[in-house]
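Coordinate-derived values only; no laboratory data. Only a predicted model underlies this, so the values are computations on that prediction, with no experimental measurement involved. Counting neighbours? That spans all protein chains shown, and the Cβs are built from the backbone with ideal geometry, glycine included.
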Amino acid sequence: MSGVYRDLAAALLAVDRDHRPVNVGLAAQLACLLEASAPKPGNVSPGRHFSDLRYEDFLASALAIGEPMARAGEQSVGATIRKAIEATAQWSPSNTNLGIVLLFAPLARAAVNDPGGDVHALSRKSPPGSLQGALRRVLDGTTIDDARDVYAAIRIARPGGLGRADEQDVASEPTMRLVEVMRLAAHRDTIASEYVTGFEIIFGTAVPALERARHDGLRWDDAIVETFLTVLSQVTDTHIARRSGKELADEVTARAQRVLADGGVRSDAGRRAIDDMDRALRDERNRGNPGTTADLTAAAIFMLLLGGEWTMGRGDS
């Protein structure tokens, strides 16, 4: 692990828990850095770039969202999302983190502001349901203004394969609350579906997979790749489906299942299968990029960091 991440981790641990907003901002930055740095098949990572995006773009984007996430408790969910995307746009030429920001913003607000006190902590001593309950209250409280800010953020980020919707299209102004708008898109977008279900995939699949991998002693990069593959093996990636069709998205999910059956990061055969999968997913248009799965994985990392999880697994350095 490079020095910048070690320094940021040290800063995260050094922050007094009374300064929780600062801590949340640091956790958001570190989660993005860790996610971008893990060699997930079909995604940008060190030495593996896209034609329109480089690894360095993701590093800059990670740092850009720190302040908006730290202020999540004093502004609306929509404002946090819009300000984070505006900050990102100053550093990145293309969309690097819209999905991540959409997931992080309500989590950050729940972590900072819930009156229950301990709901920000996610650890074995504080069950996920406590934070999930706080998150549900945040999502249920979203407004039309939140939706308006999110629409503005989407127009700034210009995600690929967005298309047009018959109702509440992002090219117009919304007339429904954010969670209601997300409900309309839930059938075609997993992140929208997470807003409706209270982050069911993140709490039910991604976080347990990441906790299990870390508990087994996997270093962060391996644990993140395993979490990514676990989610992808169970949930069709809607980023692929929107841009390249459901058939390819289903093929990628089936491939993730085979990679895990070969042992994934825990065996030599599995690692060879991961490398083969990465090569198979790369083309000039990056049609097989499981971008939504990467966003869900980043949110799981964020949640573990909110709970103070920074233990060095075997092989971390």
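Tabulated values for the structure
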read-out: Relative exposure of ARG271, ARG109, judged by other C-beta atoms within 10 Å (fewest first); value: ARG271, ARG109
read-out: Order of THR253, THR80, THR142 - criterion: other Cβ atoms within 10 Å of each residue's Cβ, fewest first; value: THR253, THR142, THR80
read-out: Equivalent ellipsoid, the range 3-306 (semi-axes from 5 times Cα gyration tensor eigenvalues, Å); value: 27, 24, 18
read-out: Using a Förster distance of 41 Å, the FRET efficiency for ALA261-THR143 (Cβ separation, nearest 0.05); value: 0.35
read-out: Net dipole in debye of the range 3-306 [+1 Lys, Arg Cβ; -1 Asp, Glu Cβ; about Cα centre; nearest 20]; value: 240 debye
read-out: Interatomic Cα distance distribution for the range 171-232, bins of 5 angstrom, percent; value: 4, 18, 19, 16, 13, 11, 9, 6, 3, 1
read-out: Relative exposure of TRP91, TRP220, judged by other C-beta atoms within 10 Å (fewest first); value: TRP91, TRP220
read-out: Approximate spin-label separation GLU86-ASP283, in nm, with each point projected 7 Å along Cα-to-Cβ; value: 3.9 nm
read-out: Whole-number percent relative contact order across the range 3-306, with pairs defined as alpha carbons under 8 Å at least 6 apart; value: 21 percent
read-out: Separation of the ILE156 and LYS246 label points, Cα + 7 Å toward Cβ, nm; value: 3.4 nm
read-out: Environment charge of VAL101, counting only residues whose C-beta is closer than 11 Å and scoring Lys/Arg +1, Asp/Glu -1; value: 0
read-out: Förster radius 35 Å - calculated FRET efficiency between ALA269 and TYR55 (Cβ-Cβ, nearest 0.05); value: 0.80
